[in-house]
Amino acid sequence: MQSKRIGLLLSLCGLLSLAVPAGAQDDLLETARSLFEPIPTEAPAIEGIEATPERVELGKMMYFEPRLSESHAINCSSCHIVGMGGVDVQETSIGHRWQRGPRNAPTVLNAVFNTAQFWDGRAKDLEEQAGGPLVNPIEMGTTEQHVVEQLNGIPGYADVFKKAFPEQASPITFTNVRDAIALFEATLLTPNSPFDRYLKGDQDALTAEQQEGLQLFVDNGCAACHNGVNVGGGMYAPFGVVENPGAEFLPPDDKGRFQVTKTVDDEYVFKVPTLRNIALTPPYFHTGKSWDLRQAVAVMGASQLGIELTDDEIDKITAFMHALTGEQPQIVYPILPPSVATTPRPRP
């Protein structure tokens, strides 16, 4: 089964490489439009959760609220810093009681477009993702019950939750916290990158080197996995389709999606990461072991495609990836309501 999937992937790579006549700018743009989409300027709707300004504002407060963690020292922004590409620039993140997480923190920017969340896809959407770190003993280390106790113990939140969920008699719930965070995260978009402007018809938005890099990206089959609005994030793929990248990048004890599905075919399978804003989000891979984007490109060429890219090809593909950096979200840090004498204390 695994061999059939790998064969299909390589066949698709071959088909993509035949799709673009070299040197034809109009053909390249047409092909790019068939594979990718621009990032929209407005947040997409999240199925099952009505977005209102009050709920988005509440979600922003919860995103930056450290008292949701047992130590009162960690919030969502600790690992997903909006001003740093939505990551923390760590190999693996530091959580509750200085514990290290097992994998590199993916970017939160444009995460709403991913097919699922986390490297192994264990959260099907942003709502599940938003609630996971809160109760993970390695991350924020709290419980659903204590989240509610904590927020009920901060008097200023009563009105905020009531405005966000006016139809509910007791709106301070774990579900509402999770859903509000998801609504806020869905607004963290990075539109109008040079590549977005190119897809919209401005061929001068990409330099000649970046266009050559895009051509190589398509010709060599990178777009077989890294496609769509997020230039990735839409499928799962084994890491090491052709060649094992080595234990540093693919440690044998982390079997990826297999840990979720317990299906043998999912051993060392991971969600294909988005390449949006990739120049802002080192280190790379689920291990966070590559700090050099050029190195990451070379590793992917060898391990996924069986290609030894030249230095010139690596330079051009990397130049194209720099064109995926969009306008970064401008977030006004929320003023959070103060604790009082009866507010539950931190438990570091």
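Selection among A158, T175, N114 by position relative to the dipole of the chain gives A158 as farthest towards the positive end (Cβ unit charges, Cα centre).
Provide Rg over Rh for the stretch 105-177; use the alpha carbon set for both Rg and the Kirkwood Rh (inverse mean inverse pair distance). Mind showing how you got there, number by number?
On the way: Rg = 14.2 Å, Rh = 13.8 Å.
That ratio is 1.03, to two decimals.
Max-minus-min Cα coordinates of the stretch 229-278 on each principal axis give 30, 24, 17 Å, with the largest extent listed first. With angles folded into 0 to 90 degrees, how steeply does helix 293-305 sit against the dominant principal axis of the chain? Use alpha carbons for both and round to 10. Its long axis makes an angle of about 70 degrees.
For the stretch 36-67, there are no residues whose amide N sits under 15 Å from a probe point set 7 Å from the Cα of I94 along the beta carbon direction. Projecting label points 7 angstrom from Cα along Cα→Cβ for A341 and V135 puts them 3.4 nm apart. How much FRET efficiency would the formula 1/(1 + (r/R0)^6) give for Q168 and F258, where r is the Cβ-Cβ distance and R0 is 41 Å, rounded to 0.05? FRET efficiency, Q168 to F258: 0.55.
Computed on the stretch 227-328, the Cα convex hull volume stands at 105 Å³ per residue.
To the nearest 10 degrees, how steeply does helix 311-322 sit against the main Cα axis of the chain, on a 0 to 90 scale? It is inclined by approximately 40 degrees. Measuring with a 1.4 angstrom probe and ignoring ligands and nucleic acids, F113 comes out at about 50 Å² accessible.
Here the label points at E149 and D265, each 7 Å from Cα along the C-beta direction, are separated by 4.5 nm in the simple model. The phi torsions of the stretch 86-102, fed into the Karplus equation with coefficients 6.51, -1.76 and 1.60 and a -60° offset, translate into couplings of x, 10, 10, 6, 10, 4, 9, 6, 8, x, 4, 6, 6, 6, 9, x, x Hz, rounded to whole numbers, with Gly and Pro shown as x. For the chain, leaving out every one of the trypsin sites (Lys or Arg not before Pro) that falls in a DSSP loop and has at most 12 other Cβ atoms within 10 Å, the longest unbroken run is 1-123. What a 1.4 Å probe finds exposed on the chain is 55% carbon and sulfur by accessible area, rounded to a whole percent.
Annotation: aspartates and glutamates with alpha-carbon distance below 12 angstrom to K200 (same-chain offsets under eight excluded): E30, E37. Counting only protein heavy atoms and using a 1.4 Å probe, the accessible area of T318 comes to about 10 Å². Computed from label points 7 Å out along Cα-Cβ, the spacing between D315 and D292 is 1.5 nm. Relative to the longest principal axis of the Cα atoms of the chain, the long axis of helix 25-35 lies at roughly 40 degrees.
Suppose every K and R has +1 on its Cβ and every D and E has -1 on its Cβ; what is the size of the dipole of the chain about the Cα centre, in Debye to the nearest 20?
With Lys and Arg at +1 and Asp and Glu at -1, about 1100 debye.
How long is the gain from D204 to M235 if the chain were fully straight, where each residue apart is worth 0.36 nm and the alpha carbon distance is subtracted? Spell out each step's value before the answer.
Numbers: separation 31, 0.36 × 31 = 11.16 nm, distance 3.07 nm.
Between D204 and M235, full extension yields an extra 8.1 nm.
Among the protein heavy atoms, those of M140 account for about 10 Å² of accessible surface (1.4 Å probe, every chain in place). Charge tally for G326 (other residues, Cβ to Cβ under 9 Å; Lys, Arg +1; Asp, Glu -1): -1.
What pairs from K60/K162; K60/K271; K271/K316 go past 20 Å between their alpha carbons?
Values: K60/K162 16 Å; K60/K271 26 Å; K271/K316 25 Å.
Cα-Cα > 20 Å for K60/K271; K271/K316; rest within.
The values are calculated or read from the model by the stated rules, or taken from the named source; none is laboratory data. Quick caveat: nothing in here was measured; it's all calculated off a predicted structure. No Cβ is skipped: glycine too gets one built from the backbone with ideal geometry, and neighbour counts run over all protein chains shown. We work out accessible area using only protein heavy atoms, side chains counted, and drop any ligands, DNA or RNA first. Shrake-Rupley method; radii C 1.70, N 1.55, O 1.52, S 1.80 Å.
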